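Down below is the structure, laid out as structure tokens.
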Amino acid sequence: MRITSADVLVASPGRNFVTLRITTEDGVVGLGDATLNGRELAVAAYLSEHVVPLLIGRDAHRIEDTWQYLYRGAYWRRGPVTMASIAAVDTALWDIKAKVAGLPLYQLLGGRSRTGCLTYGHASGAELPELFDSVRAHLEQGYRAIRIQTGVPGLGSVYGVASSPNAVAGADAGAGGSTARYDHEPARRSAVPVEEQWDTRAYLRHIPGVFEAVRNEFGPELPLLHDAHHRLTPIQAAKLGKSLEPYDLFWLEDVTPAENQAVLRRVREHTTTPLAIGEVFNTIWDYRELFEEQLIDYVRSPVTHAGGITGLRRIFDYAAVYQIKSGVHGPTDVSPVGLAAAIHLGVAIPNFGIQEYMKHSPETDEVFRPGYRFEDGLLVPGEEPGLGVDYDEVLAESFPYQAAYLPVNRLLDGSMHDW
Ligand code: GCO
Ligand code: MG
């Protein structure tokens, strides 16, 4: 089954997405997500200049061999641009194989292990009353686990807090568009990144009180999560984990910058708060030390950035040896193709933990027409063959790419900090 064409589709229905569409000689079409927030065109160029020419004429059934060919064959390994490109090819080939088999993709991954993927939603508010309203709105929508992010006194806009408390969850954030939402969409449409301010000591003073208030309001049972977004030193992270222990978090995410795996040892020595990391990782090698020393509890990599179904499934199998579970990254910058792939993988693997779910904008869903459903707090894959996503190219063309960036962070003295 030869590949006859591969198209790199860049569009901005609500936000920017890069989608790879592979077509075989029999006319079977597979989709892969290659979106890398704020660096979309780098992946699009890597794909169209260096990957698409190598795909034409290859046997679409040879998924593993194609993965190895693109990974080993580049000589220059790893990195988000390379691995997002490999992920897109891999996901599209799995989509094709499942369509040819006439089965939803999860059937090829071992079949269903569970009804659906438990999700967590993003509640946020600059102040507590808005945060509580946001938690209530998520509970009404059926979410059974909720991420908590708030403003920090003295700081302006901070990571994780939606632009307006009166917003409707799931409405278009527009990556800088006008409609606000409860969910936090950090990318902004502009020629240069927005600059935010950060003060770690103010944050560390504020956050335990927020969780105390949320527990007092919503009780002990609701699973709560929090994202520190790579901003702390090991000892600050240890202190935060310890100070949040009374509030029984489901996880504390990305406490330190992810490059240095060894610093998690210090954090782990001091706290029993479960740790999640890996949304910026892209290969199994990024996890080796963390798994073997059992320094984390949840794996955050998405299909889109970690080499596709093939790459991420290998990571999950390795994690399972150490009782570490999945916690797949599912922000709005992972397209419905990437999310569908995560759902198929999530219902099949033995060590599923939780799936992040922020809901895409209506424009995004109109272009991608995903077959998955959100029901009672779970994401459930559709039963159509393949991934169950159907890209409307004509509609997508009415949403051309617009430059958009994630913010950058500066400390109060003006120096750059991790965002
Ligand atoms: C999350 C992430 C996102 C990222 C974003 C970057 O936990 O969902 O931290 O909010 O910042 O995906 O592109
Ligand atoms: Mg995160």
### Of residues in region 315-334 being among the polar types (S, T, N, Q) and more than 8 Å from ligand 1 (Cβ to nearest atom), the one nearest to His305 (Cα to Cα)
Ser326
### Task
Could you tell me whether Ala258 is away from ligand 2 (no atom under 15 Å from the Cβ), at pLDDT below 95 and out of contact with any Pro (no Cβ under 6 Å at 6 or more places or on another chain)?
no
### Query
Would a scan of region 112-125 turn up a residue that is in the same structural domain as His206 (by TED's automatic domain parsing), surrounded by 15 or more Cβ atoms within 10 Å (Cβ to Cβ), part of a helix (DSSP H, G or I) and not polar (S, T, N, Q)?
no
#### Entry: One residue from Ser178, Ser243 being surrounded by fewer than 21 Cβ atoms within 10 Å (Cβ to Cβ), at pLDDT 95 or above and more than 16 Å from ligand 2 (Cβ to nearest atom)
Ser243
### Query
Do we find a residue being of a type in the set (Phe, Trp, Tyr) and without any contact (Cβ under 8 Å) to a residue 12 or more places away in the chain anywhere in region 7-19?
no
#### Entry: One residue from Val152, Val161 being at pLDDT 90 or above and over 28 Å from Pro13 (Cβ atoms)
Val152
### Query
Within region 1-24, how many residues are within 16 Å of ligand 1 (Cβ to nearest atom) and crowded, with 24+ Cβ neighbours inside 10 Å?
5
### Lone qualifier among Tyr298, Tyr318 - being of a type in the set (Ser, Thr, Tyr) and touching a Leu at 6+ places or on another chain (Cβ under 8 Å)
Tyr298
### Query
Which pairs have Cβ atoms under 7 Å, sit 6 or more apart or on different chains, and link a residue in region 378-390 that is without any contact (Cβ under 8 Å) to a residue 24 or more places away in the chain to one that is surrounded by fewer than 18 Cβ atoms within 10 Å (Cβ to Cβ)?
Asp390/Arg369
## Note on the structure
Filter region 25-45 for residues that are crowded, with 21+ Cβ neighbours inside 10 Å and β-branched (Val, Ile, Thr); the one that is nearest to ligand 2 (Cβ to nearest atom) is Thr35
### Query
Restricting to region 238-253, what's the tally of residues that are within 27 Å of Asn409 (Cα to Cα) and part of a helix (DSSP H, G or I)?
6
### Message
Suppose the filter is small (Gly, Ala, Ser) and either more than 16 Å from ligand 1 (Cβ to nearest atom) or modelled with pLDDT of 85 or more (or both); does Gly170 pass it?
### Response
no
### Query
Residues in region 396-404: is at least one farther than 29 Å from Pro274 by Cα, free of Cβ contacts under 8 Å to residues at least 60 places away in the same chain and away from ligand 1 (no atom under 16 Å from the Cβ)?
yes
### Query
Tell me, which residue of region 387-419 that is crowded, with 20+ Cβ neighbours inside 10 Å and in contact with a Pro (Cβ under 7 Å, 6 or more places away or on another chain) is nearest to Ser190 (Cα to Cα)?
Ala396
### Task
Six or more apart or on different chains, Cβ under 6 Å: which pairs go from a residue in region 349-375 that's more than 19 Å from Gly116 (Cα to Cα) to one that's of a type in the set (Gly, Ala, Ser)? Could you list them?
Ser361/Gly14; Glu363/Gly14; Thr364/Gly14; Val367/Ala396
### Query
Among the numbered criteria (1) surrounded by 24 or more Cβ atoms within 10 Å (Cβ to Cβ); (2) without any contact (Cβ under 8 Å) to a residue 60 or more places away in the chain; (3) closer than 18 Å to Ile354 by Cα, which single criterion is violated by Asp297?
(1)
### Of the criteria (1) outside the structural domain of Tyr203 (by TED's automatic domain parsing); (2) at positive phi, which one Gly154 fails
(1)
### Task
Take region 133-150 and flag every residue that is surrounded by fewer than 17 Cβ atoms within 10 Å (Cβ to Cβ) and polar (S, T, N, Q).
Gln141
### Task
Taking the options Glu253, Glu279, name whichever one is within 15 Å of ligand 2 (Cβ to nearest atom), surrounded by 23 or more Cβ atoms within 10 Å (Cβ to Cβ), farther than 27 Å from Trp76 by Cβ and not basic (Lys, Arg).
Glu253
### Query
Do we have Thr332 as buried (at least 22 other Cβ atoms within 10 Å of the Cβ) and more than 12 Å from the chain's Cα centre (by Cα) here?
no
### Query
Would you pick out the residues in region 202-237 that are without any contact (Cβ under 8 Å) to a residue 12 or more places away in the chain and in a loop (DSSP other than H, G, I, E, B)?
Gly219, Glu221
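The values are calculated or read from the model by the stated rules, or taken from the named source; none is laboratory data. The structure presented is a predicted model; accordingly, all values stated were derived computationally and were not measured. Note that we place each Cβ from the backbone using ideal geometry, even for glycine, and neighbour counts take in every protein chain shown.
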